[in-house]
Amino acid sequence: MPHRLRSTFIAAGAVIASTAGAYGNPQRRPNIILFMVDDMGWQDTSVPFWNQRTRLNDTYETPNMERLAREGMLFTQAYASPISSPSRCSLLTGANAARHRVTNWTLHRDAMTDGPDDQLLPPQWNVNGICQSQGTPYTFVARSFVDILRQHGYHTIHCGKAHWGALDTPGAAPEHFGFEVNIAGHAAGGPATYLSERRFGHDADGRPTYEFAVPHLQQYWNTGTFLTEALTQEALKALDNARHLQQPFYLYMSHYAVHVPIDRDIRYFTKYKQKGLSDKEAAYASLIEGMDISLGEILHWLDANGERDNTIVLFMSDNGGYATGAEWRDEPLYTQNAPLRSGKGSLLEGGIREPMIVRWPGTVRAGDRCDRYITIEDFYPSILDMAGIRHKAVDGRSFIPLLKHTGDPSRGRALIWNYPHVWGNTGPGIDMNCAIRLGDWKLIYYYKTGRKQLFNIATDISESHDLAAERPDITRRLSRRLGRELRRMHAQRPTRKHDGRPCPWPDEQDN
């Protein structure tokens, strides 16, 4: 790390112009549940998010996702970053990852998580994540939408994975961002284990075995309760309490599933073995079904407590399915994202396109479908819109017009990704790059080689036909737009080891 440590700051006034509520009584505002799944691929479900079913749609069983899709709007082109922390920081701040510079996954204070590269050095990115207060180096400072909800009368609950700030920084704690209840959220980006027999990563004396040990769930140790179910039971208790408080609530149900390790949820494992899946594939399928059962239990709680019609439920994943390169512990692949190419860590569609559903009784038509694109920072202004709170987001755009069929915020909009890093995995589209999506066209630029790939996503969802040479006009146009947007957001780029000079921006590199 360099000698001069700094933090990136966005003043609260730049994020929120005004937060006066649109409703006179905060109790009339809707409850909001964001059900976030970790590392869930676009086709890791029995719900098809394409124009046809895939093999995985016929393998996995997610009846509660099916119910949510029947009762709400399914988004076929919802995007996030290729890695967890960038997505989650964009979600909470409404800023694009190129702007907040938490462009890789965070863990230890002041420490990079980048893999080595023989030619390039990564930029000095915001390795400590995000904060709401100044004073921590290498952070992006901005106010979370959760804190704004809390200020306007919402009871705010966090359950599961956080991953917004490095260890020993304020942003490691969900409470720092306005959550009044924190269940099992901390700095780590995954669980040590899902198994209560292993005390979710603690030794027999209750000490964490390493940083990924899941906190706060001692009552479930050695009970046979799988982590996904333990989190669900704690979330339901928190909802019971929220109902007694007579306040609208916001629940961030942020499962550690389906992140590695791929432990067996024994409740569902045998079923998938009987379908002919390998042990690892069946274990992964059991993680998916356990997540879906959790969704069903929360939907049932809303029904049983008369809160269904006054609760908005959003379903999302933070990056593509883990289907690239040499897998964790050198084990074989256990999922894939076809027809999308590649997976987590990649700027190809398999790494960034996510399953997304929104149910909003009385506002969203049942069984509706949206084929326009949105991205993870759009949740910030959209959730505040849902709560009736006026706001101004940094980069995100409200997708409420898509839900209500009153407009198209994707028209003419460029989606931007920047991943100037070496991740700990290999595969197509994983190599210090940036990308732009504008309309049907998508351009990927590789910092190391200067290579550009151009795809028409509408006609080539698998990104198998590189049109950069055939359509130099579009390649140049998107290169100019991508370079301009990256500079506008003060994005970072790698430097070359041999001369210490920064890599060219995409519009500075000849096609």
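The values are calculated or read from the model by the stated rules, or taken from the named source; none is laboratory data. None of these values were measured; they are calculated from a predicted model. A quick note on method: Cβ atoms are made from the backbone with ideal geometry, for glycine too, and the neighbour counts reach across all protein chains shown.
In the stretch 175-182 there is at least one residue that is assigned to a helix (DSSP H, G or I), assigned by TED's automatic domain parsing to the domain that holds H163, in contact with a helix residue (DSSP H, G or I) (Cβ under 8 Å, 6 or more places away or on another chain) and in contact (Cβ under 8 Å) with a residue 24 or more places away in the chain.
Scanning the stretch 355-382 for residues that are more than 21 Å from I416 (Cα to Cα) and hydrophobic (A, V, I, L, M, F, W, C) yields I357, V358, W360, V364, A366.
The condition (being in contact (Cβ under 8 Å) with a residue 60 or more places away in the chain, under 21 Å from G351 (Cβ atoms) and among the basic types (K, R)) is satisfied by just one residue among R437, R413, R496, R451: R437. In the stretch 138-155, is there at least one residue being touching an Asp or Glu at 6+ places or on another chain (Cβ under 7 Å), among the charged types (D, E, K, R) and either closer than 21 Å to A491 by Cα or modelled with pLDDT of 95 or more (or both)? Yes; the residues of the stretch 138-155 include at least one that is touching an Asp or Glu at 6+ places or on another chain (Cβ under 7 Å), among the charged types (D, E, K, R) and either closer than 21 Å to A491 by Cα or modelled with pLDDT of 95 or more (or both). When we screen A111, A98 for residues that are in contact with a strand residue (DSSP E or B) (Cβ under 8 Å, 6 or more places away or on another chain) and not hydroxyl-bearing (S, T, Y), the only hit is A98.
Of the numbered criteria (1) of a type in the set (A, V, I, L, M, F, W, C); (2) in contact with an Asp or Glu (Cβ under 7 Å, 6 or more places away or on another chain); (3) assigned to a loop (DSSP other than H, G, I, E, B), the one I288 fails is (3). Would you confirm whether any residue within the stretch 256-267 is assigned by TED's automatic domain parsing to the domain that holds I183 and more than 28 Å from H186 (Cα to Cα)? Among the residues of the stretch 256-267, not one is assigned by TED's automatic domain parsing to the domain that holds I183 and more than 28 Å from H186 (Cα to Cα), which makes the answer no. Only one of the listed residues (R501, R413, R480, R487) is in contact with a Leu (Cβ under 9 Å, 6 or more places away or on another chain) and among the basic types (K, R). That residue is R413.
Take L295 and decide whether it is at pLDDT 95 or above, in a helix (DSSP H, G or I) and hydrophobic (A, V, I, L, M, F, W, C). Yes: the conditions hold for L295. Can you tell me which residue in the stretch 51-73 is nearest to the chain's Cα centre (by Cα), limited to those that are closer than 24 Å to S286 by Cβ and hydrophobic (A, V, I, L, M, F, W, C)? Of everything passing the filter in the stretch 51-73, M65 is nearest to the chain's Cα centre (by Cα).
When residues in the stretch 39-61 are screened for being closer than 21 Å to F379 by Cβ and in contact with an Asp or Glu (Cβ under 8 Å, 6 or more places away or on another chain), 5 of them pass. Just one of (1) without any contact (Cβ under 8 Å) to a residue 12 or more places away in the chain; (2) polar (S, T, N, Q); (3) touching an Asp or Glu at 6+ places or on another chain (Cβ under 9 Å) fails for T406. It is (3). From the list T406, T426, the lone residue that is assigned to a loop (DSSP other than H, G, I, E, B) and under 30 Å from R29 (Cα atoms) is T406.
I'd like to check something: does the stretch 235-255 contain any residue that is in contact with a helix residue (DSSP H, G or I) (Cβ under 7 Å, 6 or more places away or on another chain), part of a helix (DSSP H, G or I), modelled with pLDDT of 95 or more and under 18 Å from L56 (Cα atoms)? No; the residues of the stretch 235-255 include none that is in contact with a helix residue (DSSP H, G or I) (Cβ under 7 Å, 6 or more places away or on another chain), part of a helix (DSSP H, G or I), modelled with pLDDT of 95 or more and under 18 Å from L56 (Cα atoms).
Of all residues in the stretch 67-107, those being hydrophobic (A, V, I, L, M, F, W, C) and either closer than 20 Å to K344 by Cα or not assigned by TED's automatic domain parsing to the domain that holds F140 (or both) number 11. Under the condition of being among the charged types (D, E, K, R) and part of a strand (DSSP E or B), the residues counted in the stretch 332-381 number 7. If you filter the stretch 298-337 down to residues that are of a type in the set (G, A, S) and touching a Leu at 6+ places or on another chain (Cβ under 8 Å), you find that the one that is modelled with the highest pLDDT is G320.
Of W42, W50, all but one fail to be assigned by TED's automatic domain parsing to the domain that holds F399, touching a strand residue (DSSP E or B) at 6+ places or on another chain (Cβ under 6 Å) and farther than 26 Å from I148 by Cβ; the exception is W42.
Within the stretch 309-331, identify whether any single residue is β-branched (V, I, T) and part of a helix (DSSP H, G or I), and answer yes or no. Taking every residue of the stretch 309-331 in turn, none turns out to be β-branched (V, I, T) and part of a helix (DSSP H, G or I). Here the stretch 357-383 is the region considered, the condition is being among the hydrophobic types (A, V, I, L, M, F, W, C) and in contact with a Ser or Thr (Cβ under 8 Å, 6 or more places away or on another chain), and the residue that is farthest from M432 (Cα to Cα) is C370.
Going residue by residue through the stretch 273-280, is there one that turns out to be surrounded by 23 or more Cβ atoms within 10 Å (Cβ to Cβ) and of a type outside the set (K, R)? Among the residues of the stretch 273-280, not one is surrounded by 23 or more Cβ atoms within 10 Å (Cβ to Cβ) and of a type outside the set (K, R), which makes the answer no.
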